[in-house]
1. Work out the FRET efficiency for residue 182 and residue 361 from their Cβ-Cβ distance, taking R0 = 45 Å, and round it to the nearest 0.05.
2. Once R0 is set to 51 Å, what does the formula 1/(1 + (r/R0)^6) return for the Cβ-Cβ distance between residue 215 and residue 71, expressed as a FRET efficiency to the nearest 0.05?
3. Would you kindly state how much longer the chain becomes between residue 53 and residue 258 on full extension, computed as 0.36 nm times their sequence separation minus their alpha carbon distance, in nm to one decimal?
4. Under unit Cβ charges (Lys, Arg +1; Asp, Glu -1), what dipole magnitude, rounded to 20 debye, does the range 1-93 have relative to its Cα centre?
5. Where the only charges are on Cβ atoms (+1 Lys, Arg; -1 Asp, Glu), what is the dipole of the chain about its Cα centre, to the nearest 20 debye?
6. Under a crude label model (7 Å from the Cα following the beta-carbon direction), how far is residue 341 from residue 237 in nanometres?
7. At a Förster distance of 41 Å, what's the computed FRET efficiency of residue 84 paired with residue 40, Cβ-Cβ distance as r, to 0.05?
8. Enumerate the helices in the chain for which the Kyte-Doolittle hydropathy averages 0.5 or more and the C-alpha atoms extend at least 30 Å along the helix's axis, using complete DSSP H runs.
Amino acid sequence: MDIPAREPRQVAFAEAVRGISETMRSTPLGWALVAWLAHWQAPPWRIAAWVGVFVPIWLVNVFLLRRVAREGSDPTRHSRLLWIIAALDGIAWGLAVPWLMGIDRTLDSWMAVVLCGVASVNAPAYITEFNAFRALLLALWLTVLAGAATSLQATGSAIPLSVGITVYLVVLIRGMRIIANRVTEGIRLAIENASLASHLERALELSKREATTDALTGVANRRSLDEYLAKCVERNREQNERFGVLLLDLDHFKQINDRHGHMTGDRALRAAAQRIQQALRVGDMCARYGGEEFFAVLPRVDSDMALEVAERIRRTMESQPLLSNPTLRATVSIGVAICDRLMTVEQLIAAADAAVYAAKHNGRNQVQLGSHDAAPVGALRS
């Protein structure tokens with residue numbers, strides 16, 4: 001049951017339906033107890049007659065409870081039906097008075113205990129639907145009083161039974177009202193706490209995503225890239241798990257901003273980020289490095305594989321426009337570097353930076369492989 005998604009009233013009602021259904025399944029054990037107590041004094045036909053009346057009522061209640069559960073246990077639709085189920089159950093138990101009592105005072109006493117026990121056993125099941133519990137007790141009480149007035153004159157048990165049942169049910173219902181209110185309030189607080197926890201979890205997730213994602217392009221930001229690169233370098237040093245990086249610089253991007261404006265330039269950057277991500281492999285990381293530069297981290301590659309991925313990105317960028325309105329084409333220069341076991345993050349970035357500088361210097365729209373001993377020179381920005 002998804003508690004945060006449901007109202008307290010719905011949760012309480014559904015819990016009551018479940019509890020009542022479970023209690024109802026144990027009703028035949030109650031018949032067996034009553035039959036065992038009554039068979040010493042009551043004629044068998046009386047026992048059979050009472051059970052014969054109870055069985056169809058019980059079957060109807062079981063059917064109705066299953067229907068309520070199947071339809072979602074909606075309190076707005078099923079509350080009155082649950083009251084009817086409870087009242088029928090109370091009447092069926094109360095009918096034990098005219099059928100099985102008035103024969104022997106000892107049996108009358110035992111049956112009074114059984115009826116009080118029935119009310120008590122049902123109380124936990126109805127704790128979250130107190131109105132239905134009152135319907136059960138009211139039906140039981142009225143049936144007992146009617147039966148006592150007509151059937152218990154011979155044994156003189158009518159008044160003691162009526163008074164005893166009345167007092168017991170009044171005490172029970174007063175005590176259960178207090179408990180029911182506390183349980184219902186507990187459900188409400190549990191749902192509110194679960195809802196707050198869910199909102200907090202979503203807020204933390206959103207905060208974490210915002211802290212690691214570039215707001216413009218939706219790819220990882222520089223902070224996230226730096227942390228990931230540090231982990232990759234450390235893993236490479238400890239486990240010899242080599243990886244490659246790509247530094248990608250969009251060619252002549254300043255001209256796009258100058259001719260079409262920065263809003264179009266932003267759209268072009270978003271399109272470029274999407275194009276790069278689509279050309280990368282599953283498991284590769286793409287981040288915005290700054291301005292019109294992007295950075296990709298390729299786990300478990302050698303130089304040939306890294307160059308292949310970089311060339312695929314270059315061809316993809318060249319082959320079709322970034323934007324259709326206005327029609328806007330862009331190429332990309334890419335520097336490739338492979339991290340060996342002794343390289344630091346700074347050395348790795350310097351190698352990629354030198355390679356992209358070489359690609360720019362040699363005419364742009366190409367891929368260059370950097371060496372591990374390259375010094376940082378800074379990529380051209382146009």
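The numbers here are math on the coordinates, done by the rules we state, and not lab data. Only a predicted model underlies this, so the values are computations on that prediction, with no experimental measurement involved. Glycine gets a Cβ as well: all are built from the backbone with ideal geometry, and neighbour counts include every protein chain shown.
1. The computed FRET efficiency comes out at 0.05.
2. 0.65
3. Between residue 53 and residue 258, full extension yields an extra 64.7 nm.
4. So the magnitude is around 180 debye.
5. 1000
6. 1.4
7. It comes out at approximately 0.70.
8. 44-70, 130-151, 158-212
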